[in-house]
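The values are calculated or read from the model by the stated rules, or taken from the named source; none is laboratory data. As the structure is a computational prediction, the values presented were derived from the model and not from experiment. Virtual Cβ from ideal backbone geometry, glycine too; neighbours counted across all protein chains shown. When the accessible area is computed, the model is the full protein with side chains, heavy atoms only, and any ligands, DNA or RNA have been set aside. Shrake-Rupley method; radii C 1.70, N 1.55, O 1.52, S 1.80 Å.
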Amino acid sequence: MTLNVLVWHVHGSWTTSFIHGRHRYLLPTGPWGGGRMGRDWPANAVEIPFDQLHREAVDVVVVQEPDQIQLAEQLPVGRQVPMIYLEHNTPKGNVPCARHPIAHRDDIPLVHVTHFNDLMWDTGRAPTTVIEHGIVDPGERYTGELARAGVVINEPVRRGRVTGTDLLPAFAAKVPLDIFGMGLDGLDDCAGRLQPHGDLPALRLYDELAKRRVYLHTTRWTSLGLSLIEAMHLGMPVVALATTEALRAVPADCGLVSTDVNELVDGLHWLVSEPESARRIGEKAREHALANYGLAQFLDEWDELLMAVSS
């Protein structure tokens, strides 16, 4: 059975994986919606103006923001369309006690993208589950030909300590860094050892990252940066802060994960200095990513939930 699934294009990388399923995915334009936003997605990802959705027999809605619940409740008069709330983000504020926006509702399943999110949010009455990330495999592209580290950060200047921007000089002092992402203007070049490359299209980004010997993940507070998982799929060894879900996502044989920045700096330098070791560890990283963050398992778990909620 094929469902009509209404889902807003909020998180590009996650949506790319989600719309590779077997259903018909309605991507609204208008309130909270950017449609396909020019992405080269399969034909079953259908862009539609929000005010035209009343013409569609929507079977289930995946909401990702509280305001989207109100929008979804405007859908076809005469029947209640089942909803699933997808939580991408870690809580903010008083984190141990942070209450989720739908904690008071027991009629909307709440899906977390990481076990860390599930642990840290107070979800009250909401029925919760975890469906971990899965990505479209970009293929093993690693060459490691450049004795540099690749980093993907969006808006590092604005977000500062959240993305670990303050830590970059310590790493750049030992290993030159190449930074990819949006909003890089004003980033300290660390005496010429930090090179911004901007926001590249996905395929080009994969090729460029794979030329760097190591992937560096400095984010302190995030659900789980998909760029980290993508780098592992490419076959890159990883050096990462042991924060949020990274400790679970990166086993010991796939790179170095620690809260000791000096240890991470030394580890990054060692991997860049030892190309054969870096390649061997990167192969392990790819094996782990394929086994634990592959697309098939992700789609199977979502398919099971979508069918259960819509039945």
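From the set of residues in segment 9-39 that are under 15 Å from VAL63 (Cβ atoms) and part of a helix (DSSP H, G or I), which is nearest to the chain's Cα centre (by Cα)? Restricting to residues being under 15 Å from VAL63 (Cβ atoms) and part of a helix (DSSP H, G or I), the top hit is TRP14.
Report whether or not LEU6 is in a strand (DSSP E or B) and under 25 Å from the mean Cα position of the chain (by Cα). Talk me through it step by step, then tell me what you get.
Values: in a strand (DSSP E or B): yes; under 25 Å from the mean Cα position of the chain (by Cα): yes.
Yes.
For first residues located in segment 92-108 and within 28 Å of SER310 (Cβ to Cβ), partners that are open to solvent by 90 Å² or more (accessible area, probe 1.4 Å) and outside any strand (DSSP E or B) and lie 6+ apart or on another chain with Cβ distances below 6 Å form the pairs ASP106/ARG125. Output yes when any residue across segment 145-152 is in contact with a strand residue (DSSP E or B) (Cβ under 9 Å, 6 or more places away or on another chain), among the aliphatic types (A, V, I, L, M), part of a strand (DSSP E or B) and farther than 25 Å from LEU247 by Cβ, and no when none is. Checking segment 145-152: at least one residue is in contact with a strand residue (DSSP E or B) (Cβ under 9 Å, 6 or more places away or on another chain), among the aliphatic types (A, V, I, L, M), part of a strand (DSSP E or B) and farther than 25 Å from LEU247 by Cβ. Is there a residue being closer than 27 Å to VAL136 by Cα and polar (S, T, N, Q) anywhere in segment 212-219? Yes - at least one qualifying residue is present in segment 212-219. Yes or no: ASN89 assigned to a loop (DSSP other than H, G, I, E, B), of a type in the set (S, T, N, Q), in contact (Cβ under 8 Å) with a residue 40 or more places away in the chain and closer than 23 Å to ILE131 by Cα? Yes.
Here is the figure for segment 150-193: residues that are in contact (Cβ under 8 Å) with a residue 60 or more places away in the chain, over 20 Å from the mean Cα position of the chain (by Cα) and buried (at least 19 other Cβ atoms within 10 Å of the Cβ) total 2.
Given the criteria in contact (Cβ under 8 Å) with a residue 40 or more places away in the chain, crowded, with 16+ Cβ neighbours inside 10 Å, more than 25 Å from TRP270 (Cβ to Cβ) and not small (Gly, Ala, Ser), does ILE135 qualify? Give the steps one after another, and end with the answer.
Details: in contact (Cβ under 8 Å) with a residue 40 or more places away in the chain: yes; crowded, with 16+ Cβ neighbours inside 10 Å: yes; more than 25 Å from TRP270 (Cβ to Cβ): yes; not small (Gly, Ala, Ser): yes.
Yes.
Yes/no per residue for (1) over 27 Å from PHE50 (Cβ atoms); (2) at pLDDT 95 or above:
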site: GLN70; (1), (2): no, no
site: ILE102; (1), (2): no, yes
site: VAL111; (1), (2): no, yes
site: LEU119; (1), (2): yes, yes
site: THR123; (1), (2): yes, yes
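Number of residues in segment 194-215 that are over 17 Å from the mean Cα position of the chain (by Cα) and under 14 Å from ALA231 (Cα atoms): the value is 8. When segment 40-68 is filtered for residues that are outside any loop (DSSP other than H, G, I, E, B), surrounded by 14 or more Cβ atoms within 10 Å (Cβ to Cβ) and modelled with pLDDT under 90, the ones remaining, listed by number, are PHE50, LEU53.
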